[in-house]
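Undergrad: Next up is a structure, given as structure tokens.
The values are calculated or read from the model by the stated rules, or taken from the named source; none is laboratory data. Bear in mind that the values here come from a model prediction, so they are computed numbers and not experimental data. Reconstructed Cβ throughout: ideal geometry from the backbone, glycine too, with neighbour counts over all protein chains shown.
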Amino acid sequence: MNMKVEQQYITLFKESRDLLDNNSAPVMNKYRQEAFDNFERLGFPSKKVEEYKYTPVSKYFEQEYGLNLSRLDIPSKPRDLFSCDVPGMDSIQAFLVNDLFHQEAVKGLPKGVLLGSLKELAETHPELVEKYYAKIANHSKDAIVSFNTAFAQDGLLLYVPKNTIIEQPIQLINLLRSDVDLMSNRRILIVLEEGAQAKVLICNHTIDQVNFIQTGVTEVFVGANAQLDFYELEETHTQTVRFNNLTVHQQADSNVLLNNMTLHNGVTRNSTEVVLKGKGAHIDCHGMAVEDQNQHVDNTTLIDHTVAHCTSNELFKYVLDDHSVGAFTGMILVRPDAQQTNSQQTNRALCVTRDAKMYARPQLEIYADDVRCGHGATVGQLDETALFYMQARGISEREARLLLMFAFVNEVIDTISIDALKERLHTLVEQRFRGEVQKCSECSICK
Amino acid sequence: MEEANKYVKQLTQEKYKYGFTTDIHTEVIEKGLNEDVVRLISEKKEEPEWMLEFRLKAFRHWLTLEMPTWPHLRIPEIDYQAISYYADPTKKKDGPKSLDEVDPELIKTFDKLGIPLQERLALSGIAVDAVMDSVSVKTTFKESLREKGIIFCSFSEAVREHPELVRKYMGSVVGYRDNFYAALNSAVFSDGSFVYIPKGVRCPMELSTYFRINAINTGQFERTLIVAEDDSYVSYLEGCTAPQRDENQLHAAIVEIIVNDRAEVKYSTVQNWYPGDANGKGGVYNFVTKRGICKGESSKLSWTQVETGSAITWKYPSCILSGDNSTAEFYSVAVTNNYQQADTGTKMIHLGKNTSSTIISKGISAGFSQNSYRGLVKVAEKAENARNYSECDSLLLGDKCGAHTFPYIDIHNNTAVVEHEATTSKINEDQIFYCNQRGISTEDAIGLIVNGYAKDVINKLPMEFAVEAQKLLSISLEGSVG
């Protein structure tokens, strides 16, 4: 294997091992060496690795990036920088600057709920972090996960105790902020105990016009009867590269809604793995991407039905303009004992220009017979008859096209359970399609 | 479903009907593969220099390759040096000129298989090029085809008689660099069929080849080349069987089809190689590269396959739609039972303008088998207005088997309209109940439902084959299917 690109990181790891360890928590250091060995063995996945067929990885790591290994606090006041909040959404806000939890008292959390820096909470609640950290994101198989596990020093922990319901949505705003080209390795751990309920929205934004690369590993544990709505919204600039891995484990009768929306980005690969481990668990895994210029969005999902009586539902939509590239891989795996599984997957893509490319790979792997599984994938253009119908009724062609495009992506937006967020996205998407720069009156990014 | 389970159990005990060996003299060369073997095969077949060159180039390339591991199959390691690469069942030096000269044992074999080799079957209107092991035994109806200018002969004969055509087209669709097995086949292929339909000729009868692996430890490496000139039409049938043996037999064939302007080629396969016994012992490894090119404008290529045999089936009959307005179709029924494995599907590569393709794939898995559909629909940058419709359904008859779907959709042109649908389920209990209510036994009901399920594909087969295919479906699933 040509390890040229990997070499600079191998050297970096060996040289700055102490720096990494000293600025992190013992729980995180525990897995560092093992993960690093795995990374050294795996290397960055090439196009020959089936899961990464459509997104070349090593080319994005070639460039030199700065890493904030000594955990210097990058001077920023996120609240001043960023106030593009969702109007009308009464939320609990917290900020992440790059991969660092922004120290600021989070208000409005019910008793017993923990939300804060992973590193610090690992010191105050070692047994908790010990129990969950690096337990489900497999760093022996996926090179990005092993890379992240080797380099991650801090991150965020959300812990919701048994039967606790957080009414307000928690909004985590992840700002990428740096004066030089920067790499960050974000780590998020979410634990919902039995019967707990929470809604989490992560907004990804870039502040500075430098090159960013971010690897992300998010581990989510959802206990029996628990309910989690998890949204991730990306509005970064075109020089941003993100490799994001999300792993969710669901216990019996839990209910999870995932929604991954990419409105503006550079290169993004979202890998989502959901393991249904208890009977009666249900997952809605949705996503959409609105792309233009040279944007690249690759969504890879795996829904793993390990036990009987679980249901899953997937819906992914893409609108591809200019030279953008969309990729979707959706695997539904039904294990031998997972009888009575009901699983549906839909992937639709709209290619607006002739240079846009779409790759779709809907896959089924089924080892149980009493199941109902299906997938559908389409790539195409807007319906000519529908366009004609509207034009015949006096709607201009441009307006008719826009209307049909809204309708196309609204199917994904409408699955959002937070009304204010839904409204906000309707507006954002509309602006996006109309080619208007997204501007809000207050915040400095938009000015 | 208790009753249904019983039938499924029964079907796993169903024996292979075609399992017999013919005791005739076979000339087999030493096991193993090296340049000398390649030269020896070429020499035995009295091939010209350019053919030997082609083989050697392919062989040298093959040496650089490794067996691919990406399919969803468990393939035990194959020792390529333990296989004999050439078996010639016609011991006489000169090929038989009439039926009387053909070994009577051989004719009996074909009789058992029910191939219309003899002239009396002229009425059935099928011309057969029977390939037993490696040498084409006899080609019927050649005379009447010759009148129309159609060439239908064994591949080695074509090399001798029509070298210019063979040189022009061989390897033009499946090059020897294409894949591991294509390289192997190009190096050691023994025989096969060659079809040439001249301009404007509609082939008056269905052309048919029957392949059968007979000798122990021989791989069958045949090569089929079909060329349809402008405005011509041909329907080609291929049937395969192999005798029952404990060892696994390797079959790695190449089929190349060239379809010119406004021509149409229909290629149908009923594959019934020995699938191994109920414990998964023995059986044929069927690793085939099949590809056709719709070269001319408004040309049409249609693949239909009924796959019921082989321990492992690994093939993707594909179409390159390079001519404008060309059409391609793929209809497949794949049945796996016991410990059979199948990874099959198609590739539709749209290059020309206004091209369209249809994929209908029906998988049926029973016993402990694994059945996968893998397909690619690719629309290149310049393929304006491409259209594809894919439908791949899987039916599961048992809780120990697997059904998988791995479609790839690569779209590089926005005028394309591509649809893919897939479902996996077991037989609907309501449907069985409905039939039971009307006095139809569970076994018959399953039979009805499975036949209805596969009907879309069976209907695409030529008449004679449709009957055989339906019988094969029943044999493969006997016990569970009426």
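Undergrad: For segment A:358-391, enumerate the residues that are touching a Leu at 6+ places or on another chain (Cβ under 9 Å), modelled with pLDDT of 90 or more and of a type in the set (D, E, K, R).
TA: A:Glu365
Undergrad: So for segment B:350-359 (the condition being in a loop (DSSP other than H, G, I, E, B), in contact with a strand residue (DSSP E or B) (Cβ under 8 Å, 6 or more places away or on another chain) and touching a residue at least 40 places away in the same chain (Cβ under 8 Å)), does at least one residue qualify?
TA: yes
Undergrad: Tally the residues that are within 20 Å of the chain's Cα centre (by Cα), among the hydrophobic types (A, V, I, L, M, F, W, C) and either under 18 Å from A:Gly374 (Cβ atoms) or facing another protein chain (nearest Cβ under 9 Å) (or both), restricting the search to segment B:352-407.
TA: Within segment B:352-407, residues that are within 20 Å of the chain's Cα centre (by Cα), among the hydrophobic types (A, V, I, L, M, F, W, C) and either under 18 Å from A:Gly374 (Cβ atoms) or facing another protein chain (nearest Cβ under 9 Å) (or both) number 4.
Undergrad: Residue by residue through segment B:39-81, note down the ones that are of a type in the set (A, V, I, L, M) and in a helix (DSSP H, G or I).
TA: Those that are of a type in the set (A, V, I, L, M) and in a helix (DSSP H, G or I): B:Leu40, B:Ile41, B:Met51, B:Leu52, B:Leu56, B:Ala58, B:Leu63.
Undergrad: Looking only at residues in segment B:365-383 that are modelled with pLDDT under 90 and among the hydrophobic types (A, V, I, L, M, F, W, C), which one is surrounded by the most Cβ atoms within 10 Å (Cβ to Cβ)?
TA: That would be B:Ala366.
Undergrad: Which ones in segment B:193-208 are aliphatic (A, V, I, L, M), surrounded by fewer than 22 Cβ atoms within 10 Å (Cβ to Cβ) and at pLDDT 90 or above?
TA: B:Val201
Undergrad: Also, quick follow-up: Given the condition at positive phi, surrounded by fewer than 23 Cβ atoms within 10 Å (Cβ to Cβ), assigned to a loop (DSSP other than H, G, I, E, B) and among the small types (Gly, Ala, Ser), answer yes or no: does some residue in segment B:169-192 qualify?
TA: The answer is yes, given that some residue of segment B:169-192 is at positive phi, surrounded by fewer than 23 Cβ atoms within 10 Å (Cβ to Cβ), assigned to a loop (DSSP other than H, G, I, E, B) and among the small types (Gly, Ala, Ser).
Undergrad: Determine, yes or no, whether B:Val174 is touching a Ser or Thr at 6+ places or on another chain (Cβ under 8 Å), over 21 Å from B:Ile150 (Cα atoms) and at pLDDT 90 or above.
TA: Judged against the criteria, B:Val174 is a match.
Undergrad: If you don't mind, another one. How about segment A:118-187: which helices (runs of 4 or more DSSP H) wholly inside it have at least 2 residues that are in contact with a strand residue (DSSP E or B) (Cβ under 6 Å, 6 or more places away or on another chain) and of a type outside the set (S, T, N, Q)?
TA: Because the criterion is at least 2 residues that are in contact with a strand residue (DSSP E or B) (Cβ under 6 Å, 6 or more places away or on another chain) and of a type outside the set (S, T, N, Q), the helices (runs of 4 or more DSSP H) in segment A:118-187 that meet it are A:118-124, A:143-151.
Undergrad: Right, another one. Please state which of the following conditions A:Thr353 fails to meet, knowing it meets all the rest: (1) crowded, with 19+ Cβ neighbours inside 10 Å; (2) free of Cβ contacts under 8 Å to residues at least 40 places away in the same chain; (3) within 11 Å of another protein chain (Cβ to nearest Cβ); (4) among the β-branched types (Val, Ile, Thr).
TA: Every condition holds for A:Thr353 apart from (1).
Undergrad: All but one of (1) in contact with a Leu (Cβ under 8 Å, 6 or more places away or on another chain); (2) closer than 27 Å to A:Arg348 by Cα; (3) more than 9 Å from chain A (Cβ to nearest Cβ); (4) not aliphatic (A, V, I, L, M) hold for B:Ser332; which doesn't?
TA: Answer for B:Ser332: the failing condition is (1).
Undergrad: Considering only residues that are more than 26 Å from B:His412 (Cβ to Cβ), aliphatic (A, V, I, L, M) and within 13 Å of chain B (Cβ to nearest Cβ), look in segment A:366-410 and name the one that is nearest to the chain's Cα centre (by Cα).
TA: Ranking the qualifying residues of segment A:366-410, first place goes to A:Ile366.
Undergrad: Kindly check whether there is at least one residue in segment A:290-313 that is buried (at least 23 other Cβ atoms within 10 Å of the Cβ), part of a strand (DSSP E or B) and in contact with a helix residue (DSSP H, G or I) (Cβ under 8 Å, 6 or more places away or on another chain).
TA: The answer is yes, given that some residue of segment A:290-313 is buried (at least 23 other Cβ atoms within 10 Å of the Cβ), part of a strand (DSSP E or B) and in contact with a helix residue (DSSP H, G or I) (Cβ under 8 Å, 6 or more places away or on another chain).
Undergrad: Have a look at A:Glu6, A:Glu34 and point out the one that is closer than 22 Å to A:Val241 by Cα and in contact (Cβ under 8 Å) with a residue 12 or more places away in the chain.
TA: After applying the criteria, what remains is A:Glu6.
Undergrad: Can I ask one more? So which residues in segment B:338-364 are of a type in the set (Gly, Ala, Ser) and closer than 21 Å to B:Asn459 by Cα, if there are any at all?
TA: B:Gly345, B:Ser356, B:Ser357, B:Ser361, B:Gly363
Undergrad: So how many residues does segment A:193-202 have that are without any contact (Cβ under 8 Å) to a residue 60 or more places away in the chain and in a strand (DSSP E or B)?
TA: 4
Undergrad: Hey, can you tell me all the residues within segment B:416-444 that are surrounded by fewer than 21 Cβ atoms within 10 Å (Cβ to Cβ) and within 7 Å of chain A (Cβ to nearest Cβ)?
TA: B:Val417, B:Glu419, B:Glu421, B:Thr423, B:Ser425, B:Lys426 - these are the residues of segment B:416-444 that are surrounded by fewer than 21 Cβ atoms within 10 Å (Cβ to Cβ) and within 7 Å of chain A (Cβ to nearest Cβ).
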